[in-house]
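The values are calculated or read from the model by the stated rules, or taken from the named source; none is laboratory data. The shown structure was predicted, so the numbers you read here are calculated from the model rather than taken from an experiment. Neighbour counts are summed over all protein chains in view; Cβ atoms, including those assigned to glycine, are modelled from backbone coordinates with ideal geometry.
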Amino acid sequence: MERIPQMVQVLEALKEASHEIQRHHSPDSPATKALLELHTILSSSDPNLSALYDHLRRLKTLLHSLHHSTGLRSFLTRPLSSHSLSRVAASIHSEIQAWIDRETLRALSASLRSPNPHQDELLALLTQFEDRVSQGFSRQLQELILKHKLFSSLESVLLDAKFPNRVREQAGVAVAALIRFNKDVFVGQVLMGPTVGALVSMGSVKSISVLCSLIRSIRSPLVDEIESNGEIPKVIAVLDSDDVGLRVAALECVLEIGYFGRKEAVEAMMKEGLVEKLMELQRSEKGEGNRFGSCVARFAVQLEVGEGLRQREKRAFKPEILGRVREASVSDAEAATVAAEVLWGSSP
């Protein structure tokens, strides 16, 4: 089975042809010939393609004008015609992109809902979708996403253990891309749904990194949900993983929670022995290539400069951190060193 529908590959080539015309304004290039051939096979009665049909007809008219203008008239009108050619090529580019979006989202929706999808094809479609929404907001694209109910389909795959982790992780990446695409529309579905729990339970480097991305995008409201749903102990537990990469991802997540978390979230992390775990990480193999270097101070700085705590709460947490540092230290020298970093700050 093709990873990407064959029609989409053809449309991508035609889109590139329209881009070529915008760059070079050439009336005799293979790009213009390809688009004129497309005009001959389109139906103007298809409501999805009628605008593209009209733009291609306009292109044909402009090319005819350029080919048959001579002498002084040609000299005077060619710059204007070239500008018009560039504009109509841009419109064709936009309409072909909309066609590609319809085809790829239809294919993605069908694959997500299939009881037995081809895993490689689904992964390719998810990757393509994430790349497309990462290009920026488009109202037409958003309407297609809502029409196909893609968010709920992505969430279903993320939750379904029958899918391999690489597919579930990519579904999570696509969810995070949708939040960046239009937070106002999609954030409520993350806050009310099981996405966060699924990402934490998967417990992979990529899933925790996606969670970190969601925290950066949604900020304090998402941390509130993480805390109220009892997910903070699970995040803190990932710091004990044997996988160094997973511990690094968990540390980044903890630092983001510290920056955006309110008092309840920070208290929940303290209760789970976060400072003590950070001391262990900082001590392990001299910070394991400095990936965990000064991590206690980095966490303290996140609380100090973050958005979640009030000033009096920030002041109250610093002595608690220092007290936990003293209790967790294996020597007076270590306690003094870490306490100095907490008091004087370290780059977050």
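Could you identify the single residue in L255, L309 that is within 24 Å of the chain's Cα centre (by Cα), outside the structural domain of Q189 (by TED's automatic domain parsing) and more than 20 Å from V175 (Cβ to Cβ)?
Working: L309 fails: within 24 Å of the chain's Cα centre (by Cα).
On inspection, the qualifying residue turns out to be L255.
Taking the stretch 63-89 as the range and being under 16 Å from H39 (Cα atoms) and at pLDDT 85 or above as the test, the residues that pass are V88, A89. The stretch 186-270 holds helices (runs of 4 or more DSSP H) entirely within its bounds, and those carrying 3 or more residues that are touching a Gly at 6+ places or on another chain (Cβ under 9 Å), crowded, with 21+ Cβ neighbours inside 10 Å and aliphatic (A, V, I, L, M) map to 205-218. Taken over the stretch 317-335, the criterion of being surrounded by 13 or more Cβ atoms within 10 Å (Cβ to Cβ) and part of a helix (DSSP H, G or I) is satisfied by F317, K318, E320, I321, L322, R324, V325, R326, A328, E334, A335. Quick check, is Q140 within 16 Å of L178 (Cα to Cα) and either free of Cβ contacts under 8 Å to residues at least 24 places away in the same chain or within 17 Å of the chain's Cα centre (by Cα) (or both)? When the stated conditions are applied, Q140 does not pass them. Annotation: A107 fulfils all but one of (1) surrounded by fewer than 18 Cβ atoms within 10 Å (Cβ to Cβ); (2) among the small types (G, A, S); (3) in contact (Cβ under 8 Å) with a residue 60 or more places away in the chain; the unmet one is (1). Which one of the conditions (1) surrounded by fewer than 16 Cβ atoms within 10 Å (Cβ to Cβ); (2) touching a residue at least 24 places away in the same chain (Cβ under 8 Å) does S294 fail to meet, given that it meets all the rest? Answer for S294: the failing condition is (1).
For the residues V173, V157, V187, the requirement of being outside the structural domain of M7 (by TED's automatic domain parsing), in contact with an Asp or Glu (Cβ under 7 Å, 6 or more places away or on another chain) and of a type in the set (V, I, T) singles out V173. If you check I96, I145 for being more than 19 Å from the chain's Cα centre (by Cα) and within 25 Å of Q9 (Cβ to Cβ), only one passes: I96.
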